[in-house]
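The values are calculated or read from the model by the stated rules, or taken from the named source; none is laboratory data. Being a predicted model, the structure only gives us computed values, none of them experimental. Note: ideal-geometry Cβ built from the backbone for every residue, glycine included; neighbour counts use all protein chains shown.
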Amino acid sequence: MNKLGVILFIILIFIIVVGGLLIFNNDRQIEVPESNQELSECEIWVSECAIENGEKCGPCGCKECCSGLTSAEGLTPFNGGDEGIICEYIGPVWYTCINCGDGICGEGENWCRCPEDCKEPDIEILQDINDYSI
């Protein structure tokens, strides 16, 4: 082989090695899908505590209630006729955080959610469960 042939052979080997390294490195690169960014936002949202009468559950899951608050289902008192006062959901099941036990029937609280703070409602003024529709 002449000198020119050796130089071309070395250049060819160099191109193959460098090209192989580029291809190998490109296969090793991992792209972070956008859904991971959304998951990160969800992790942040869930890590924050839910404030009084605030949103406790959402598309990302459910939060813990902030200190001193308790989780309460979205129950509402209705006139159940012969059954007396009954507690029912007025839509899909939802939860909120309330300050139950402080002696004040506060926002988000009612007799069904916090009977310790809220007095039993007058059955005569409650909506009849049979008349209720979503």
Next item on the list: Taking G81 as the residue in question, decide whether it is more than 30 Å from the chain's Cα centre (by Cα) and without any contact (Cβ under 8 Å) to a residue 60 or more places away in the chain.
Entry: yes
Next item on the list: Kindly list the number of the only condition in (1) over 27 Å from C42 (Cβ atoms); (2) at pLDDT 90 or above that fails for C66.
Entry: (1)
Check: In the stretch 43-60, is there at least one residue being among the charged types (D, E, K, R), in a loop (DSSP other than H, G, I, E, B) and surrounded by 15 or more Cβ atoms within 10 Å (Cβ to Cβ)?
Finding: yes
Margin query: Please determine whether any residue of the stretch 114-125 is within 29 Å of the chain's Cα centre (by Cα) and either of a type in the set (A, V, I, L, M) or within 19 Å of A50 (Cβ to Cβ) (or both).
Written below: yes
Checklist line | Cβ-Cβ under 6 Å pairs, at least 6 apart or on other chains, the stretch 117-134 side closer than 30 Å to G103 by Cβ and of a type in the set (S, T, N, Q), far side surrounded by 10 or more Cβ atoms within 10 Å (Cβ to Cβ) and at pLDDT 90 or above | finding: Q127/F78
Note to self: With the requirement that a residue be out of contact with any Cys (no Cβ under 9 Å at 6 or more places or on another chain), closer than 26 Å to P59 by Cα, hydrophobic (A, V, I, L, M, F, W, C) and surrounded by 10 or more Cβ atoms within 10 Å (Cβ to Cβ), what does the stretch 81-134 give you?
What the structure shows: I90
